[in-house]
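Just so it is clear, none of the values below were taken in a lab; they were calculated from the coordinates. Everything quoted here is computed from the prediction, not taken from an experiment. Cβ placement follows ideal geometry from the backbone for every residue including glycine, while neighbour counts extend to all protein chains displayed.
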Amino acid sequence: MNRKNRKSQFVSLLVATLFLVSAAIAILGLSTRLSSAQSSHPAPFSHSLPPLDGSQLRATVVEVNYAPGEADKPHSHPCTVIGYVAQGAIRFQVKGAPETVYQTGESFYEPPNGVHQVSANASDKESARLIAFFVCDHDTPLTVPPIEDHAPHPTK
C-alpha cells in the first residue's frame, strides 16, 4: 500500500472516529453537560436522534465512492444515518425534503426509514466520496428497498 493510500485511510478513520464519538456523546445524553462548552465552540454538525433502545446499539461506518455521474437507486436505511462528504459533491434527497447538494466537509442527517430518493455524485467529471455513519438499535441490514409508508423528516 502506498503512502497516499495510507494517509487517505488514516484521514478517513480519523473523521469516522470523530463522528462516532459525537454520536456516542449524544446517545449517552451527555450533550446537556457539554452545552456550556459548545456555546463558545459550536459543533460543525448537530442533530437530535430519534428514541433508541440502548440495549443493542451498534455504530457502523461505511465509505461510499461515486464515480463521475454515478447515482444509487432509491432505497431506505432502517437506522439513523449521518453523512459526511469527504471529497467532491453529493446530491441528496429524502422523500418530502428538497434535493440538496453537499460539498466536501459538509454533513447531513437522514432519519431511520426515510426514503432516500437521490444519492448521487453531483459532478460528471470528478469522483466523490461519502462517509456514512449508521447508528442502529437493532440487528438489520443497513440498506433495504424503499420503505414507502415513512413520514418525511427534514435532513438538516
- HN-Hα J couplings of segment 78-85 from phi, Karplus 6.51/-1.76/1.60, θ = phi - 60°, integer Hz, Gly and Pro as x? x, 10, 4, 10, 10, x, 10, 7
- Given backbone amide H placed at 1.01 Å from N, residues whose amide H is under 5 Å from that of E106, ignoring those fewer than 5 places away on the same chain, are V85
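Using the count of nearby Cβ atoms within 10 Å as a rough guide to exposure, how do H116, H75 rank from fewest to most? It would help to have the intermediate numbers written out before the result.
Details: H116 22, H75 16.
The order, fewest Cβ neighbours first, is H75, H116.
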- Note on the structure: If the chain between Q103 and V118 were fully extended at 0.36 nm per residue, the gain over the current Cα-Cα distance would be 3.9 nm
- Using the Karplus equation 6.51 cos²θ - 1.76 cosθ + 1.60 (θ = phi - 60°), what ³J(HN,Hα) coupling, rounded to whole Hz, does each residue of segment 62-73 give in order, writing x for Gly and Pro? 10, 9, 10, 9, 10, 6, x, x, 6, 9, 8, 6
- Apply the Karplus parameterisation 6.51 cos²θ - 1.76 cosθ + 1.60, with θ equal to phi minus 60°, to every residue of segment 100-115 and state each ³J(HN,Hα) to the nearest whole Hz, in sequence, with x for glycine and proline. 9, 9, 9, 9, 3, x, 9, 10, 8, 10, 10, x, x, 6, x, 7
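Calculate, in nm to one decimal, what K73 and T143 gain on full extension: separation in residues at 0.36 nm each, minus their alpha carbon distance. Kindly include the intermediate steps, with their values, before the conclusion.
On the way: separation 70, 0.36 × 70 = 25.20 nm, distance 1.11 nm.
Length gained, K73 through T143: 24.1 nm.
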- Item | Label-point gap, in nm, between K125 and N65 - each point 7 angstrom along Cα→Cβ | 2.2 nm
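Hey, fewest Cβ within 10 Å first, where do L130, L142 land in order? It would help to have the intermediate numbers written out before the result.
Working: L130 21, L142 14.
If I rank by nearby Cβ atoms, fewest first, I get L142, L130.
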- The answer for S76, listing residues at least 5 apart or on another chain whose modeled amide H is closer than 5 Å to its amide H, is H116, V144, I147
